Amino acid sequence: MSLVAAPMTIVDLATSAQLQQQQQAMEVEEDAKAEQQELGAGEQELSYSILMKGVRHLSDSGITRLPDRYVLPAPDRPGAGLATTTSTSRVKLPVVDLARLRDPSQRAAVLQTLDAACRGYGFFQVVNHGVDGAVIAGMLDVALRFFELPLPERARYMSPDVRAAVRYGTSFNQAKDAVLCWRDFLKLVCHPLRDVVAAWPREPAELRDVASGYAAASHGLFMELMEAALQALGIAADGGVLGELAAGSSHMMTVNCYPACPQPELTLGMPAHSDYGLFTFVLQDHVEGLQVMHGGRWLTVDPIPGSFVVNVGDHLEIYSNGAYKSVLHRVRVNSTRPRISVASFHSLPAERVVGPAPELVDEAAGKPRRYMDTDFATFLAYLASADGKDKTFLQSRMLLHGAAAAASSIRT
Ligand code: OGA
Ligand code: NI
């Protein structure tokens, strides 16, 4: 059309875009105002949409009372039953010293410590592992800074897809939890590392570099500990399952944020659960919170700075035909100190069927197979089934139920 009309059109477009922007800004402001009113409304229960923004958002908003959706029934609260126990319920977990494990003259002694820890607590701490202190400090720092980003920047990674390479969310099993947990999380799939990093958050700017360096270090330690565990179990390490793991493993990292909580005695950061996988490595900051079930009691793990807390997962209990224990654990929160942890879950590829190692089953010698075979599809089917309410996944795979654990929750 004419040259005169063209600038008008441009102006019109610009105006409507500006109007639209203004309109959107006003709507966001209205939402924020309504939310502020809701958050400050004392006894009134908060809407689902606010709760799904996570606990960091709630904590930052300065609420002084725990919203009802986070209040556990009395028997499930962290202090339930404690009046009847006498000790202070703290535990120094067995220590596996990797420098000694790497020394041929001391390896046998360390294998014994590792073996006893996996049969007993199902948990141990790894020290002298050789992972650079800067890698560990960098990981905790970038984790902390991710949760300090404005909510919209974090929220772009929310996804209902449990297989997504990156997933930000809140609680434990967000879609299903009747009572929500006081935790926000960022889940990063770490395999194959080269391919997935581009899907990870772009903020903070160092996250991809730091977290991929950390993931590679964690995987290296996992392989070393698996080799040691197989040796301790008397399973030939060459080829076999170790070879399979070297060719391809599943590796997921969960960065957990447990903000200060107004009424920590009424809720949990994570409910009692066992981990799916072979070994889990937990890196925690200096704030305690992780508790381990042992001898019918909850014991609080003393954080050793710079160490990893390692635990046996369901796959290793199954693979070891019950010799090594995948033990229930949970996370308590507190009213003053926010806590950050990074959990790395290592296992065989998802499609690999896991069953007891043939070397450990001998019906004639009184060593019957104690678990059914399982794979990730079985796990997902279990999650979708009603069974999840009162049995653990592990229990659902048991052929002999002598060692049945207490009820627990399950998540994706
Ligand atoms: C987990 C877990 C413990 C913690 O992520 O499975 O148990 O201290 N984490 O955050
Ligand atoms: Ni766990």
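The values are calculated or read from the model by the stated rules, or taken from the named source; none is laboratory data. Keep in mind that this is a model prediction, so the values were computed, not measured. Note that we place each Cβ from the backbone using ideal geometry, even for glycine, and neighbour counts take in every protein chain shown. Protein only, heavy atoms only, side chains kept; ligands, DNA and RNA dropped before computing areas. Shrake-Rupley method; radii C 1.70, N 1.55, O 1.52, S 1.80 Å.
By a 1.4 Å probe calculation restricted to protein chains, residue 367 has an accessible surface near 100 Å², given to the nearest 10.
Since only 300, 254, 233 are under comparison, the one whose Cα sits farthest along the positive direction of the charge dipole of the stretch 225-313, derived from C-beta charges on Lys, Arg, Asp and Glu, is 300.
Given a 1.4 Å probe and heavy atoms of the protein chains only, how would you sort 235, 63, largest accessible area at the top? Can you show the working numbers first?
Numbers: 235 10, 63 30 Å².
Result, largest first: 63, 235.
Here the spin labels are modelled as points 7 Å beyond Cα on the Cα-Cβ line, and at residue 237 and residue 336 they lie 4.5 nm apart.
What translational diffusion coefficient, to the nearest whole µm²/s, does the stretch 68-397 have by Stokes-Einstein, given a Kirkwood radius computed over alpha-carbon pairs, a temperature of 20 °C and 1.002 mPa s viscosity? The estimated diffusion coefficient comes to 104 µm²/s. Taking the accessible area of the stretch 68-397, probe 1.4 Å, and keeping the other protein chains in place, the carbon and sulfur fraction comes to 56%.
Around the Cα centre of the stretch 68-397, unit charges on the Cβ atoms of Lys, Arg, Asp and Glu (plus for the first two, minus for the last two) sum to a dipole of about 680 debye.
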